[in-house]
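Engineer: Here's a structure for you.
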Amino acid sequence: MSTDLERLLAAAADDSDQPLHTDVGDVLVRARRSVRKSRIAAASTAIVTTAAILGGVAAWSATRSESAGPAGTPKNQTITIDAKTGRIVDNETGKTVTPAPPVSPLSDAEVLRRCKPYDPAYRHQAQTHKTMDKAGPVDARWKIVVKSGDQSVLNALFLSPDQSVVSTCIMNSPEKPASVGRTMTADVSSRSRTQQPLTVHDGLLLPVTGVTRVLVDLAGESSPREALVGTDGFVTFGHPGKNDKLITLTRIRGYDAGGTRVYDQIVKPITPPAQPAVDPKVTVKTADPITPQVVLTKDPQTGKALAPAPPVSPLSDDQIRDRCRLWEQEIATNPAYGGQGPQDPRAKAAGPITKSWDVALKTGTGDKFTAVLISADQRVAVWCHMTTPTTKGGESDYTRHAVDADGKVADNLGFAMVPAGVAQMIIDLPAGPTRVLMANGFYTWGPTGGKSDVKTVQVRGYDAQGKQVYDAKKSVDAG
């Protein structure tokens with residue numbers, strides 16, 4: 001999945017001022033409520049296979065500086081350190097700890113020189129979706145809080161001047177970047193509290209001072225692993241190397257310079273909210289369709305002409321089903337989407353999308369579409385949005401919803417269910433009042449759920465005679 005990332009990074013060195021054609025979503029592993037591609041989120045960047053450097057003699061640093069090196073052997077310790085080899089033994093289990101990655105011998109100036117050229121490309125793509133943080137470009141004002149690697153490979157974390165953003169830079173060689181990304185500091189801090197799949201190069205931020213050594217227990221590994229400690233509470237596992245895989249933290253322990261444990265965090269699994277009890281006989285219940293007797297051409301409130309509803313997608317129902325099924329397969333086979341949490345069993349029970357699923361609503365032009373599909377058992381709705389025929393490149397969203405006890409399906413970004421008694425609908429967008437596309441008891445206001453810089457919209461419904469019978473404010477996709 002590195003093809004689009006490679007194009008992005010190559011574009012950073014291109015001074016032809018041509019638009020980027022990239023898919024930063026391929027370097028993200030988390031999203032909001034739905035599986036998200038090509039949109040910048042506070043997320044971990046993708047894993048890229050690189051030359052291995054992990055292992056060997058550990059090098060530690062309490063307050064890492066340009067000349068950071070191994071620390072001395074502490075006394076009154078709760079961990080045992082071999083003075084000759086630097087190896088740590090976890091006194092709780094008696095197991096030898098996997099050594100920390102080495103401190104990078106590169107100066108901070110050299111680290112900045114290597115990483116700085118690639119930040120603009122990432123920021124350019126982020127700004128396209130208007131979700132960019134406000135920290136500005138990576139430059140000499142940013143603090144390098146931890147750096148790992150050798151003369152060639154590099155893993156570095158930069159902290160913005162306002163301390164709101166952490167930028168990650170992974171280099172496979174002096175002129176070959178592997179991954180770049182920016183994460184809100186609060187999200188880096190949250191990684192130590194709840195279990196979530198992380199890439200090896202993801203950093204952590206511990207909420208205590210005076211920690212000089214950090215041991216981490218990982219799911220599936222029999223021995224603790226030591227992280228490299230930098231400044232300001234940041235730690236990292238270094239360049240991914242051959243350990244290019246997702247990891248899950250289960251426990252984090254911090255020790256002071258004397259080897260005494262001063263921090264101990266059991267990383268808790270995310271507990272999903274309890275699903276409401278719903279009669280298995282309940283199916284999706286849509287409002288009865290109503291044919292307008294008076295067709296609105298102007299906004300009854302303002303008199304302005306109504307913009308036309310978004311077009312019905314020219315793609316066939318089979319094409320819609322086939323392409324949405326690609327997303328299901330992507331989610332099932334790509335470990336990057338393993339952190340979505342347990343799925344509502346009713347949604348899972350509906351099985352994969354097949355020809356027996358109904359395409360209730362579809363809008364878009366060409367290969368770009370947004371669609372609502374209803375399962376064969378009429379108990380699950382799928383919202384699917386794609387801008388290319390495959391999941392590679394472009395934008396793609398996918399979400400499943402199990403029916404609620406009242407037979408309704410919750411609103412999801414770009415679609416909702418038509419209220420009872422409503423024959424036609426109007427949505428207030430920045431460009432003006434717009435007709436809403438309605439089909440089979442569902443409605444939508446655009447192929448992508450509206451404008452990316454709009455957070456809420458007002459939706460009004462009218463009966464067959466043009467009388468207003470519905471008025472509600474809706475949240476839309478702002479990212």
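The values are calculated or read from the model by the stated rules, or taken from the named source; none is laboratory data. Note that the structure is a prediction, hence the values are computed from the model and not measured. Positions of Cβ are generated from backbone atoms using ideal geometry, with glycine treated the same way; all protein chains shown enter the neighbour counts. Remember, those area values only see protein heavy atoms, side chains included, never the ligands or the DNA or RNA. Shrake-Rupley method; radii C 1.70, N 1.55, O 1.52, S 1.80 Å.
Engineer: Work out from phi, with θ = phi - 60° and the Karplus expression 6.51 cos²θ - 1.76 cosθ + 1.60, the ³J(HN,Hα) of each residue of region 293-309, listed in order in whole Hz, and give x for Gly and Pro.
Structural biologist: 8, 10, 7, 6, 10, 10, 5, x, 7, 10, x, 6, 5, 7, 5, x, 5
Engineer: Another question, then. What is the calculated FRET efficiency for ASP411 to ALA83, with r their C-beta to C-beta distance and R₀ = 45 Å, to the nearest 0.05?
Structural biologist: Working: r = 63 Å, r/R0 = 1.40.
Step by step, r from the Cβ atoms, then E = 0.10.
Engineer: Taking 2.2 N^0.38 Å as the expected size of a compact globular protein, what ratio does the Cα radius of gyration of region 184-240 give against it, to two decimals?
Structural biologist: Details: Rg = 11.0 Å, N = 57, 2.2 N^0.38 = 10.2 Å.
Here the Cα radius of gyration is 1.08 times the empirical estimate.
Engineer: May I ask you to order 315-322, 226-233, 292-299 by the average number of other C-beta atoms within 10 Å around their residues, highest value first? It would help to have the intermediate numbers written out before the result.
Structural biologist: Numbers: 315-322: 16.9, 226-233: 23.0, 292-299: 13.1.
So the order, starting with the most tightly packed, is 226-233, 315-322, 292-299.
Engineer: With a probe of 1.4 Å, find how much accessible area region 139-203 has per residue, and write the answer as a whole number in Å².
Structural biologist: Working: 1950 Å² over 65 residues.
Per residue, region 139-203 has 30 Å² of solvent-accessible surface.
Engineer: Based solely on C-alpha atoms, express the radius of gyration and the Dmax of region 386-433 in angstrom.
Structural biologist: Calculated on Cα positions, Rg and Dmax stand at 15.2, 41 Å.
Engineer: Wrap a convex hull around the Cα atoms of region 158-255, take a quarter of its surface area, and give that in square nanometres. If you can, show how the numbers build up before the last one.
Structural biologist: Details: hull surface 26.4 nm².
So the Cα hull casts an average projection of 6.6 nm².
Engineer: Could I ask something else about it? I'd like to compare 110-116, 372-378, 219-225, 167-173: which one has the highest average count of other Cβ atoms within 10 Å, and what's the full order after that? Intermediate results must be reported in sequence, preceding the final value.
Structural biologist: Working: 110-116: 17.9, 372-378: 20.7, 219-225: 14.4, 167-173: 22.7.
Result, highest mean Cβ count within 10 Å first: 167-173, 372-378, 110-116, 219-225.
Engineer: Keeping the other protein chains in place, figure out the carbon and sulfur percent of the accessible area of region 176-232, with a 1.4 Å probe. The partial results should precede the final answer.
Structural biologist: Details: 900 of 1660 Å².
Solvent-exposed carbon and sulfur of region 176-232 make up 54 percent of the total.
Engineer: OK, next. If amide H atoms are built 1.01 Å from N in the plane of the peptide, which residues on other chains or at least 5 residues away come under 5 Å of the amide H of GLN195?
Structural biologist: Amide H to amide H, under 5 Å and 5 or more residues apart or across chains, GLN195 pairs with LYS268, ILE270.
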